[in-house]
Amino acid sequence: MCDGVELEAIASAEGTPLYVYSAALLRERFAALDEAFDGYPHALHYALKANSNLAIGRLLHRLGSAADANSIWEIEVARRMGFEPHQIVFTGVGKSPAELAQAVPLGLKAINVESAGELARIEAIAERLGQPARVAVRINPDIDAKSHPHISTGLKINKFGVPVDAARELFATLKGRPFLKLVAVHVHIGSQVTSLEPLRGAAQFVVAMAGELGRAGMQLEYVDVGGGLGISYDGVPVLDPREYVQAIVEAVRPTGLPIVIEPGRSIVGPAGALLARVIDLKPRNAISEFAVIDAGMTELMRPALYSAFHRIERVLESGAEPHDYEIVGPVCESSDVVGRDRSLAPLAMGDLLAIRDAGAYGAAMASNYNRRPLPAEVLVDNGQWDVVRRRQTVDDMLELELAAAPVTTL
Ligand code: LLP
């Protein structure tokens, strides 16, 4: 069930693979973070990269969220969700000159700058416009987030941010640059962080930087400690949102500065499941079978890309003795395994499975490999459900090619 609606009914009506999101859980996850600040000034900038479905963004916007966008296109989508420029921070390790040319005139809350070169490019645009640009500098604090190496960003060896010493040099140049307004310092040490210490360390780091800047006569408007709060993928509780927020507030409180966080996964991850049906069964070894399902790395790339674990459950329970399965997708890649060595009551063709905690970096990272259409997405709210993204068709996929191809090759 999802919020009182039978998943089997939704899957029967809409087909599979299908993403299903719970509005109740989205509200609950947002509120858990928001309320944990206990009145301390803050803004939650939901990281759209985790899931930028229009309906989800609009729901979070209505709840009072702000946005973190990672490209000019995410900014455009954020605007259509209702976010005003002053509610958007623009992050991202590579912002093209064209993206910056569009972003600077918008007057965003901040552009989170990743290098001295980027800062100079922003300055040039701002000067041409005659309007100072609001910038935050993303500093690489060299903190180990102790997460998966592919999603750790806070170490010196990672491509992200400005190294601490270089940041200090950059700050020293700011005084004579009237078209740059430094509003914050920013850190983001990684994603799916499940221990408090690195996150607390990141907050203490921005506090120290804000202090240095203040003493040098540069007063910040806020500090941005990024996203990264992890969730439980195996059902064993991990870091509690309240504990996480309290640690950050405790670190930042002496400065009195408002806190910006950029949570993605911790809000949408647990609120989504990917539904898929068994489309083939075949022997694997003496004790285990392959269960081929109609969702794979094209719909949910995380297991193939990071060996990520997602719980996989039968939607209709069965009391029968469990059996071992390698649950694999339909894509022509050996890495297209959704769940390794899973124990489930015996499966039959057509059985519906729910791949849990797929609301973040699931649909957002889906692809058309093997010409598989992007899956449909459904939002369940108050016992009712709506398709919030229809399933892609071959016509949708080919539209751009047909529009581009010269007539003679058609
Ligand atoms: N802020 C910045 C600057 C980020 O780079 C990210 C995520 C976030 C906020 C949001 O982090 P979150 O709260 O969701 O952990 N595709 C990977 C995750 C990549 C995260 C990229 N940056 C995955 O599926 O695990």
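The values are calculated or read from the model by the stated rules, or taken from the named source; none is laboratory data. Being a predicted model, the structure only gives us computed values, none of them experimental. Cβ placement follows ideal geometry from the backbone for every residue including glycine, while neighbour counts extend to all protein chains displayed.
Among the residues of segment 155-178, are any part of a helix (DSSP H, G or I) and among the polar types (S, T, N, Q)?
Yes; the residues of segment 155-178 include at least one that is part of a helix (DSSP H, G or I) and among the polar types (S, T, N, Q).
Can you name the residue in segment 160-187 that is within 11 Å of the ligand (Cβ to nearest atom) and modelled with pLDDT under 95 and is also surrounded by the fewest Cβ atoms within 10 Å (Cβ to Cβ) among such residues?
In the first step, residues of segment 160-187 are kept if they are within 11 Å of the ligand (Cβ to nearest atom); the result is 160-161, 186-187.
Subsequent filtering for residues that are modelled with pLDDT under 95 retains 160-161.
Values: Phe160: 20, Gly161: 27.
Checking each candidate, the answer is Phe160.
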message: I need the full set of residues from segment 138-151 which are under 24 Å from Leu119 (Cα atoms) and either modelled with pLDDT under 80 or near the ligand (Cβ under 10 Å from one of its atoms) (or both), in order please.
response: Arg138
statement: Output for Cβ contacts, cut-off 8 Å, separation at least six or different chains, first residue outside the structural domain of Asn368 (by TED's automatic domain parsing) and crowded, with 17+ Cβ neighbours inside 10 Å in segment 321-343, second modelled with pLDDT of 95 or more and among the basic types (Lys, Arg), reads none
field: Any hit, segment 216-236, residues being within 12 Å of the ligand (Cβ to nearest atom), outside any strand (DSSP E or B), surrounded by fewer than 24 Cβ atoms within 10 Å (Cβ to Cβ) and of a type in the set (S, T, N, Q)
entry: no
